Amino acid sequence: MRIAASADVHARAGDEERVAGMFARVKDDADVLVVAGDLTDHGRSEEMAAFVRGLHDIGVPVVAVLGNHDHEAGGEKDLFRILAASGIHALDRRRPTTTIDGVGFAGVKGFGGGFGARLVRAFGEEIQKAFVAASVVEAEALRAGLMSLDMPKKVGVLHYAPVTATLEGEPVEIWPFLGTTRLEQALDEGGAALALHGHAHHGAAHGKTAGGVPVHNVSMPVLRAGGSEKAYVVLDV
């Protein structure tokens, strides 16, 4: 399967033509389009409506997760309804999986939480514990989703980063807010063949989990910085 992967579209109201132009040739290049979060700029329903209208004639199945920008207005349930009504495979921790032509996709937004020995722990104030709980819930949903897919080819779709390699270029001080090792562990334990994420606009394009899963940061600013003339990269799985 050829996967066209992108993230951080940040659609605004009236952006139908921009979105359509970005993905007009996907059907010539790939079998599936994956958009790894931040579909909208401020999480408003009119922005998501513009995003889905822009993909109306795309010609291939679309898999998507929400990002932090999509949660800004607090209307993520409405955004999911708009995605579902358009036929897009919208994944989150409550319904994390879909299959297309024998390939499984497990997707969550993910969350921050830090990496390795500096993983943020659930200790102290309740707000700190809530932060860690959100990180754990997202990772556990990804792990469970991947493990529920009984097929050899499984793709993890995230917004937040699972490894530090794809954060290189971002200020180290904000890495704990850009992703977490918990997502890396979920990918490895769930048997993913490939992982896609966005969010880190100034990060690096490629990395690997400790278990060897290839990780690609497909944020559009990263693709552009790498010289891509398209709003997506095409990967084989």
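A few notes on this one:
- Leading residue by the ranking (surrounded by the most Cβ atoms within 10 Å (Cβ to Cβ)) among those in segment 83-119 that are of a type in the set (A, V, I, L, M, F, W, C), more than 23 Å from Ala30 (Cβ to Cβ) and without any contact (Cβ under 8 Å) to a residue 40 or more places away in the chain: Ala85
- Unmet requirement for Asp57, which otherwise passes all of (1) at pLDDT below 95; (2) surrounded by 17 or more Cβ atoms within 10 Å (Cβ to Cβ); (3) of a type outside the set (Ser, Thr, Tyr): (2)
- Looking at Asp78, Asp57, just one residue is in contact with a Ser or Thr (Cβ under 7 Å, 6 or more places away or on another chain), touching a residue at least 24 places away in the same chain (Cβ under 8 Å) and of a type in the set (D, E, K, R), and that residue is Asp78.
- Of note, Leu235 satisfies the criterion of being in contact (Cβ under 8 Å) with a residue 60 or more places away in the chain and on the phi < 0 side of the Ramachandran plot.
- Residues of segment 69-126 satisfying the condition of being assigned to a loop (DSSP other than H, G, I, E, B), among the aliphatic types (A, V, I, L, M) and over 21 Å from Glu173 (Cβ atoms): Ala73, Ile88, Leu91, Val108, Ala122
- Positions within segment 20-54 being assigned to a helix (DSSP H, G or I), under 15 Å from Ser86 (Cα atoms) and among the aliphatic types (A, V, I, L, M), in sequence order: Ala20, Met48, Ala49, Ala50, Val52
- Of all residues making up segment 136-191, the number that are buried (at least 20 other Cβ atoms within 10 Å of the Cβ) and in a loop (DSSP other than H, G, I, E, B): 8
- Residues of segment 192-230 that are out of contact with any helix residue (DSSP H, G or I) (no Cβ under 6 Å at 6 or more places or on another chain) and either assigned to a loop (DSSP other than H, G, I, E, B) or modelled with pLDDT under 95 (or both): Ala193, Gly198, His199, His202, Ala210, Gly212, Val218, Gly226, Gly227, Ser228, Glu229, Lys230.
The values are calculated or read from the model by the stated rules, or taken from the named source; none is laboratory data. Keep in mind that this is a model prediction, so the values were computed, not measured. Positions of Cβ are generated from backbone atoms using ideal geometry, with glycine treated the same way; all protein chains shown enter the neighbour counts.
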